[in-house]
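The values are calculated or read from the model by the stated rules, or taken from the named source; none is laboratory data. Computed from a predicted structure; not experimentally measured. Reconstructed Cβ throughout: ideal geometry from the backbone, glycine too, with neighbour counts over all protein chains shown.
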Amino acid sequence: MTETFTPPTRFAVPGRIAVSDQAATVWQTATITEIRRETPHAATFRLAVPDWQGHLPGQHLMLRLTAGDGYAAQRHYSLASAPDDSGHIELTLDHVEGGEVSGWFHTVARPGDRLEVRGPLSGFFAWPGDRPALLIGAGSGVVPLMSMVRHHRARGLSVPLRLLVSVRSPEELIYGREYGAETTPVFTRSAPHGVPVGRMAAAHVAPLLADQPPGGWEAYVCGSNAFAEHASRLLVSAGQPVDRIRIERFG
Amino acid sequence: MNVTRGFTGRPRVDDPGLPPGQYDAGDDWPVLSAEVTPELAPADWTFRVDGLVEEPRTWNWEQAHELPASAYEGDIHCVTSWSKFGVRFGGVSLDAFLNMVRPHVAATHAVAYSHTGYTTNLPLADLTGGRAWIAWEYDGQPLAPEHGGPARLLVPHLYFWKSAKWIAGIRLLDHDEPGFWEQNGYHARGNPWEEQRYSGD
């Protein structure tokens, strides 16, 4: 039997691109070349990875830190940088309270330090820049979405792109100076003078779905599970098809 | 080994229950589904077993609950590197369903699929012999929708992406056929003790 099984129920978001099995399995040495503070709790780490095979916006990697006794900790992190041929990639990490890996990055790491990465991984959340994209993120959930925004700019793409980003306050808005007309920040605790404070709501999402580009939006949602649940329900309520909503939840 | 300067890791005990590369998530139970959580009421839930079987069959919520109850108490392991110790699930052993449909001897693999259309593949041997469940209770309570409620597949000896949420059915095949994450680079089997995370591991 070579027949391919098709489930009687429809999914949900097919994968978008093929993934290189080889890139996904080989650990490479990465060297920190630059550390930039983004907010009081988040910083961007630029890594030189000479054999990096490239990635698409939205993909992530697996990162490994190894202690002197051989103990290793590995975590998935989204890529923040747009694809380019510089041999460098960037990650933006929150300093998680008691975080074993993020704690090392935020309190110990300095340029010249080496660690290991493998990837890029998973084509599911990738955005090649081909379809109109509606991006919704909260907190550091904006990281893979920023890779998409940067890609859009770097390539001068004309395909429509919109970003809604939810954050507690202007001080905690990652990449705050980089956003342009494509972005609407939603402030949940404190906002600049004249900007309303409140949770992301139908009023933010509905107008974007009422004014869809030809072919409709491909929606990408990234954030905590609670935010992802909330945002995906807003999208469904506003008419976005469930099989065109891709979700990356922080575990 | 490539030691990272200044990295010591969290204080650790040599826990034989923790597969390589995993950490104890404690009370946390992260949610990592890629799709929108479906609104699926128990009255709308069905579970089907077909493919290479003598008698394909579909159970509804009441019919599935008439089968002998079976619980799992033990650990679960997610490929994203968290493990959770001492969890308690209640439901029915998958053996109870399979015994009723009578698999062909030619059946070697299975594709499990969800009411959302999510798929994942498993060797049939990983689903039999008291190693897999259809679970609808967690810690004595109905399983929450974001964790796969009203009912999910539970295959705790493999990475948890194999334990399909919102389980709708299992089709038995005479060949292996990659599911959703397996087509996206994940390993065909996913044994946490062998660190079978990605295709090629």
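Please find, within the range B:116-130, the residue that is farthest from the chain's Cα centre (by Cα) out of those that are assigned to a loop (DSSP other than H, G, I, E, B) and surrounded by fewer than 22 Cβ atoms within 10 Å (Cβ to Cβ). Walk me through how you get there before you give the answer.
Here is the first cut: in the range B:116-130, the ones assigned to a loop (DSSP other than H, G, I, E, B) are B:116-118, B:127-130.
Filter again for surrounded by fewer than 22 Cβ atoms within 10 Å (Cβ to Cβ), leaving B:128-130.
Values: B:Thr128: 13, B:Gly129: 15, B:Gly130: 13 Å.
The residue in question is B:Gly129.
Is it the case that some residue within the range B:62-71 is of a type in the set (Gly, Ala, Ser) and part of a helix (DSSP H, G or I)?
Applying the first criterion (of a type in the set (Gly, Ala, Ser)) to the range B:62-71 yields B:64, B:69-71.
Still in the running and part of a helix (DSSP H, G or I): B:64.
For the range B:62-71, residues of a type in the set (Gly, Ala, Ser) and part of a helix (DSSP H, G or I): present.
Among the hydrophobic types (A, V, I, L, M, F, W, C) and at pLDDT below 95: is that true of B:Trp193 in this structure?
On the way: among the hydrophobic types (A, V, I, L, M, F, W, C): yes; at pLDDT below 95: no.
No; evaluated as a whole, the condition is false for this residue.
Tell me which residues, restricted to the range B:1-60, are in a loop (DSSP other than H, G, I, E, B), touching a residue at least 24 places away in the same chain (Cβ under 8 Å) and hydroxyl-bearing (Ser, Thr, Tyr).
Hits for the range B:1-60 are B:Ser33, B:Thr37.
Mind listing just one residue for me: the one in the range B:152-174 that is in contact with a strand residue (DSSP E or B) (Cβ under 6 Å, 6 or more places away or on another chain) and either at the interface with chain A (Cβ under 7 Å from one of its Cβ atoms) or polar (S, T, N, Q) (or both) and, of those, farthest from B:Glu55 (Cα to Cα)?
B:Ser163
Which numbered condition trips up A:Glu171, out of (1) under 17 Å from A:Ser232 (Cα atoms); (2) assigned to a helix (DSSP H, G or I)?
All conditions pass for A:Glu171, except number (1).
Please state which one of B:Gln183, B:Gln196, B:Gln141 is among the polar types (S, T, N, Q) and away from chain A (no Cβ under 14 Å).
Values: B:Gln183 fails: away from chain A (no Cβ under 14 Å); B:Gln196 fails: away from chain A (no Cβ under 14 Å).
Exactly one of B:Gln183, B:Gln196, B:Gln141 is among the polar types (S, T, N, Q) and away from chain A (no Cβ under 14 Å), namely B:Gln141.
Pick from B:Val53, B:Val92, B:Val111: which is closer than 24 Å to B:Leu173 by Cβ and over 18 Å from the mean Cα position of the chain (by Cα)?
Numbers: B:Val92 fails: over 18 Å from the mean Cα position of the chain (by Cα); B:Val111 fails: over 18 Å from the mean Cα position of the chain (by Cα).
From the options B:Val53, B:Val92, B:Val111, the qualifying one is B:Val53.
Within the range A:191-203, is even one residue of a type outside the set (A, V, I, L, M), more than 14 Å from every other protein chain (Cβ to nearest Cβ), without any contact (Cβ under 8 Å) to a residue 40 or more places away in the chain and at positive phi? Can you show your working first?
Applying the first criterion (of a type outside the set (A, V, I, L, M)) to the range A:191-203 yields A:192-194, A:196, A:198-199.
This time we only want the ones that are more than 14 Å from every other protein chain (Cβ to nearest Cβ), so: A:192-194, A:196, A:198-199.
Right, trim to without any contact (Cβ under 8 Å) to a residue 40 or more places away in the chain and you get A:192-194, A:196, A:198-199.
After this cut, where a residue has to be at positive phi as well, the list is A:194, A:198.
Within the range A:191-203 (the criterion being of a type outside the set (A, V, I, L, M), more than 14 Å from every other protein chain (Cβ to nearest Cβ), without any contact (Cβ under 8 Å) to a residue 40 or more places away in the chain and at positive phi), the answer is yes, since at least one residue qualifies.
Scan the strands (runs of 3 or more DSSP E) fully inside the range A:49-142 and keep the ones with 2 or more residues being under 17 Å from the mean Cα position of the chain (by Cα) and of a type outside the set (A, V, I, L, M). Quick ask: steps written out before the conclusion?
Working: elements: A:60-66, A:72-78, A:88-94, A:114-121, A:133-138.
Answer list for the range A:49-142: A:72-78, A:88-94, A:114-121.
Rundown of residues vs (1) closer than 17 Å to A:Pro57 by Cβ; (2) modelled with pLDDT of 95 or more; (3) out of contact with any Leu (no Cβ under 8 Å at 6 or more places or on another chain), yes/no style:
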{"position": "A:Ser158", "(1), (2), (3)": "yes, yes, yes"}
{"position": "A:Arg162", "(1), (2), (3)": "yes, yes, no"}
{"position": "A:Arg168", "(1), (2), (3)": "no, yes, yes"}
{"position": "A:Leu173", "(1), (2), (3)": "no, yes, yes"}
{"position": "A:Thr183", "(1), (2), (3)": "yes, yes, no"}
{"position": "A:Arg189", "(1), (2), (3)": "no, yes, yes"}
